[in-house]
Amino acid sequence: MKVSALRFAARGSCHSPANGIAAAEVHILEDRGFTPRGGTPAGDADGPGPTRTVRIAIAGQPNVGKSTVFNSLTGLDQHVGNWPGKTVEKKRGLVRYGQVTLELVDLPGTYSLSAHSAEEEIVRDYLLFDPPQAVIVVVGAATLERNLYLVAELMALNVPLVVAVNMMDVAASEGVELDLPSLQAALGLPVTALTASRNEGLDGLLACALATARGPQAAFASRPAPRPEHRPIIRDLTRLLEGSIPSAYPLEWLATKLLEGDPQLTQMARASLPPAALAGLDGLLHAHEDAFLDIVGGRYDWIREVTHSAVRRPRTDVISLTDRIDRVATHPAWGLLTLLTILGVTFWLIYGLATPMVNLLGSATQSLAAVARTALAAWPAWLSGLAIDGLLSGVGMVLAFLPVMVIFFAVLGALEDVGYFARAAYIMDRFMHAIGLHGKSFLPLFLGFGCNVPAALGTRILEDRRSRLMTLLLTPLVPCTARLGVIAFLAPAFFGSRAALVSFLLVVSNILIIALLGLVLGRLMPRQAPPAFIMELPLYHLPVPRTLARFVWRNTRSFIEKAGSIILLASAGVWALSHLPTGDPASSILAWVGRGLEPLGALMGLGDWRMLTALLTSFVAKENTIATLGVLFAGQAQLTPLPALVAAQLAPAAGLAFLVVQLLFIPCAATLSTLRQEAGWRWASVSVLLQLAVSIGMGIAVFQVASRVGYG
């Protein structure tokens, strides 16, 4: 049977934007009113009625541009939270389309609907128990065969589907030719082409989704099925399950999942069946333990059938752009050099572009403080001191290194968007195994350069508990953007033109310390057989400017909000503790605490109690180090930049030790809370004690060695 000869009753025949539903037809749909699945008509069919809301989910495997589609459609009108009972991010956005409001739900990226991860469980439960009016399944044009596996699973749930073939430009650059009318004919589903990075095809996608949500589900031209050997077993299981299983579960789909060995669904089925049926279920599952091979094989047979006439790939001897780049990026030696070069270029950008802006903002903050002193001269001394020396100097100095944060976030976002993260994990796989970790551990560790909180949450991708615990203990040692911002803020004052090189070497040394600790932890924790390292290497593509801008803005806004809340309160608290009970900072509570630590600080060259208390307050948030220094040094040389004031108090060796301790010091409160959530208080406490010992030990060693070689 040839695919091109198939006939079907799919709605909307929208295999390309040009052939999509016209705007006039969309207005006709609106005028007729909209009936949600299982609901009642929304609005009067004979009149304009109220604005209607249609809920549409966006699903897809990782690396297909799903988030780009969502971001392009919703813009900044997004609401971000967590799924009920989960810490996986939930994103929802609203789109006005004529008189219809589309509520778009961005489902987590998932390869299948088997609950082997929190993301897969969320997608499956959402579609079963709270189904939307339609589901847009985003697939990559250049990776169509692989991405259609999720479509095969979704078809078994009988949810209204629209297949959005994204990244048509990437397919063209790889020499892949697609015949989307043939694909639509084979699937029996609406298929639309788009390049979300250029806003191409999005209107046609919305029109298809609206029509699909409104109409009844079309019959599929073909649908995946297990290979013939196990089709009778599916029917036998369906008969056993009938009448005992909650109605939300399609019986044939559930029977298939039981044969695949899905642990959650097997437990649910066993709890629902009467004893006689349970015995029959156990007998069938035990006798057909190899059925999952036929089920998965049947899906791939179906994929080959529907793509036979729809996809034409270049000859095997044609070398694609991705292959050419990967000859370097995934090479054992050149790939590692590439990774180090990216890190070095990042610091070069920071000190070449951000440092002048940091100095300018710092000077502006001090000038503003001087103006405020004159304007608030009539205020009570304690109130003007709190406002100027506490809030303005503290928060203002933190906001001064905002350019550093923007550049870091831009680099991280670009590396993720271009597809480099997976290559970095591949390159580091052998090093991860050398220190007793899994290759996948590199991904959360790399994410730690942005923030340690999502990095700790990212350890959920690790299957075995040993690798996950080790990665959780090492993740807070990765210098996050806030720590790197502190380094970038102070290093020029300590090291002048060598600041970029010193900062680069500090980060490389930090990575070596993490590797050394991994070796130690690997010896202390019982070894297990490492699972296979399987990771998709996505095709390279240019970063999407809008997606990158939104990533930078979202993280920058979070930083500004933190400065306006947590750091604002911390700065006020530091000012109060530095002036109580006598009003003199030298005899304050904070000075008393700092002087109590001076014997320890002296071993690191940090005899000034203000430096020690700045480290302590970084527990609130790492950037709070600068806020505290801004408060404690606020009364000195008002026109002298803060970094210069700090550098004047420390010898070069002590300044180097301070930066080392700052990079390795205990996790911030948010990271500690996440560690407690993911591993419990015992391992969270181990993390704090480990970092405390490592940071102080390294600070002492660096100062003592640097002093003896004549650097101090």
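Only the coordinates and a few stated rules stand behind these numbers; no lab work does. Just so it is clear, the structure is predicted and the values come from calculations on it, not from any experiment. Here Cβ is always computed from backbone atoms with ideal geometry, including for glycine, and neighbour counts include all displayed protein chains.
Under the classification rounded if a/c is under 1.5, otherwise prolate if a/b is larger than b/c and oblate if not, where does the range 419-555 fall, given a ≥ b ≥ c as square roots of the Cα gyration tensor eigenvalues? In terms of gyration-tensor shape, oblate. The slack between Glu252 and Leu569, meaning 0.36 nm per residue of separation minus the straight C-alpha distance, is 108.4 nm.
Taking Cα atoms only, the orientation of helix 652-664 departs from the longest principal axis of the chain by about 30 degrees.
With a/c under 1.5 counting as rounded, go ahead and sort the range 228-312 into rounded, prolate or oblate using the C-alpha gyration tensor (a ≥ b ≥ c being the square roots of the eigenvalues; past the cut-off, prolate if a/b is larger than b/c, else oblate). Here the range 228-312 falls in the prolate category.
The string of couplings for the range 676-685 from the Karplus curve (6.51, -1.76, 1.60, θ = phi - 60°) is 4, 5, 7, 10, x, 5, 4, 6, 5, 5 Hz, one whole number per residue in order, with x for Gly and Pro. Each other residue within a Cβ distance under 15 Å of Leu645 adds +1 if Lys or Arg and -1 if Asp or Glu, for a net charge of -1. Of the labelled figures [x] 1.08; [y] 0.99; [z] 1.03, only one reflects Rg/Rh (Cα atoms, Kirkwood Rh) as derived from the coordinates, namely [z]. To the nearest ten degrees, helix 465-474 and the longest principal axis of the Cα atoms of the chain are 30 degrees apart.
Projecting label points 7 angstrom from Cα along Cα→Cβ for Met268 and His331 puts them 5.0 nm apart.
Full extension of the chain between Glu177 and Met357 gives 60.0 nm of extra length, using 0.36 nm per residue less the Cα-Cα distance. Kindly identify the range 569-664 as rounded, prolate or oblate by the Cα gyration tensor criterion: order the square roots of the eigenvalues as a ≥ b ≥ c, call it rounded if a/c is under 1.5, otherwise compare a/b with b/c, prolate if a/b is larger, else oblate. It is rounded, given that a/c, with a ≥ b ≥ c, falls under 1.5. Using C-alpha pairs under 8 Å with a sequence gap of at least 6, the mean separation divided by the residue count of the chain gives a relative contact order of 11 percent.
Sorted fewest first by neighbouring Cβ atoms within 10 angstrom, Asp584, Asp106 come out as Asp584, Asp106. Between the C-alpha center of the range 343-413 and that of the range 636-712 there is a gap of 21 Å.
Helical content of the chain, expressed as a calculated mean residue ellipticity at 222 nm, amounts to -17500 deg cm²/dmol (DSSP H runs of 4 or more residues, -39,500 (n - 2.57) each, divided by residue number, nearest 500).
If a spin label sat at a point 7 angstrom from the Cα of Val508 along the line to its beta carbon, no backbone N atom of the range 431-469 would be nearer than 17 Å.
Between the amide H of Glu200 and those of Thr195, distances stay under 5 Å, these residues lying 5 or more places away or on another chain, with hydrogens modeled in the peptide plane. Using DSSP, restrict attention to beta bridges with both residues in the chain and report what percent are antiparallel, rounded to the nearest 5. Of all bridge pairs located within the chain, approximately 45 percent are antiparallel.
Each residue, Ala364 and Thr640, gets one label point 7 Å from its Cα in the Cβ direction; the gap between the two is 2.5 nm. Taking the longest Cα principal axis of the chain as reference, the axis of helix 499-524 is set at about 70 degrees. 3J(HN,Hα) along the range 604-615, derived from phi through the Karplus expression 6.51 cos²θ - 1.76 cosθ + 1.60 where θ = phi - 60°, amounts to 9, x, 9, x, 7, 4, 5, 5, 5, 5, 4, 5 Hz, with x in place of Gly and Pro. Relative to the current alpha-carbon distance between Ala701 and Glu536, full extension at 0.36 nm per residue lengthens the span by 55.2 nm. Ranking of Leu206, Leu278, Leu154 by neighbouring Cβ atoms within 10 Å, starting from the fewest: Leu278, Leu154, Leu206. With a cut-off of 12 Å between beta carbons, the residues surrounding Val151 carry a summed charge of +1, where Lys and Arg count +1 and Asp and Glu -1. Between Ala549 and Ala287, what is the FRET efficiency for a Förster distance of 60 Å, r being their Cβ-Cβ separation, to the nearest 0.05? Calculated transfer efficiency: 0.60.
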